[in-house]
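The values are calculated or read from the model by the stated rules, or taken from the named source; none is laboratory data. Note that the structure is predicted; figures quoted are calculated from it, not measured. For neighbour counting, all protein chains shown are included, and Cβ atoms are generated from backbone atoms with ideal geometry for every residue, glycine included.
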Amino acid sequence: MKRKIVLADDHAIVRNGVKAVLEKLGKNMEIVAEISNGKDLVDYAQKHGADVYVVDISMPVLNGIEAVERIVRRNPDAKVVMLSMYDDRVSVEKSLKAGAKGFIVKVSTAHEIVDAIEEVAAGRFYLCSKVSKYIVQGFLGKSSSRKRDVTGLTPKEKEVLQLIAEGYSSKQIAKSFNLSLNTIHVHRNNIMKKLGIHKQAELVRYAIKEGIAQL
């Protein structure tokens, strides 16, 4: 039986590339869903599940790291390979702490992509060659991104913050979450109060710096 793979990336060209790789080299793999944003990924995982999720860090509506955190929170056995154009330590660290077991960059070789999925499916960790210099145990023990955990932002506030950083208006955010405009204003005010930030531009900079949004 083929392994069911879910591919989440907001760029069709990337999805097509990974799909071509798996069709050629992943003999026991089948992409059962292609998803373009983090919210839809979480919804799919709750309804259907998969053997392995290949997830882009930077996605609209809900970024990949937040999406993986939610998936793993509901299903600790979920197997995730994070896909990113970044190979910095912070991106790798946040991905692993969110629950991903693998990390590959978008310039990884075709064989690395397949190897990553196979290793994670087997319950092991996998870091592509560009980030293998980082020690997994070190990430799990000493986080350089603890600031994100002490802000007190709720999951919904993080979602709202991401959309603010991506340039959505309060009206658009309200429509996206099926909430009232007043509720979104309350979330925005709470975010600013918790972070000690009073300007939109500062919110955007904070979201990008903390990996909540990547533009």
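Hey, among Val54, Val32, Val72, which residue is surrounded by 19 or more Cβ atoms within 10 Å (Cβ to Cβ), on the phi < 0 side of the Ramachandran plot and without any contact (Cβ under 8 Å) to a residue 60 or more places away in the chain?
Val72
Suppose we filter the stretch 133-174 for residues that are modelled with pLDDT under 50 and either out of contact with any strand residue (DSSP E or B) (no Cβ under 8 Å at 6 or more places or on another chain) or assigned by TED's automatic domain parsing to the domain that holds Ala201 (or both); how many remain? Write out each step before concluding.
As a first pass, look at the stretch 133-174 and keep what is modelled with pLDDT under 50: 136-137, 139, 143-150.
Those left that are additionally either out of contact with any strand residue (DSSP E or B) (no Cβ under 8 Å at 6 or more places or on another chain) or assigned by TED's automatic domain parsing to the domain that holds Ala201 (or both): 137, 139, 143-150.
The qualifying residues number 10.
What do you reckon, is Ala100 among the aliphatic types (A, V, I, L, M), closer than 16 Å to Asp9 by Cβ, within 10 Å of the chain's Cα centre (by Cα) and part of a loop (DSSP other than H, G, I, E, B)?
Yes; evaluated as a whole, the condition is true for this residue.
Within the stretch 85-114, which residues are surrounded by 19 or more Cβ atoms within 10 Å (Cβ to Cβ) and polar (S, T, N, Q)?
Once the filter is applied, which keeps residues that are surrounded by 19 or more Cβ atoms within 10 Å (Cβ to Cβ) and polar (S, T, N, Q), the stretch 85-114 yields Ser91, Ser95, Ser108.
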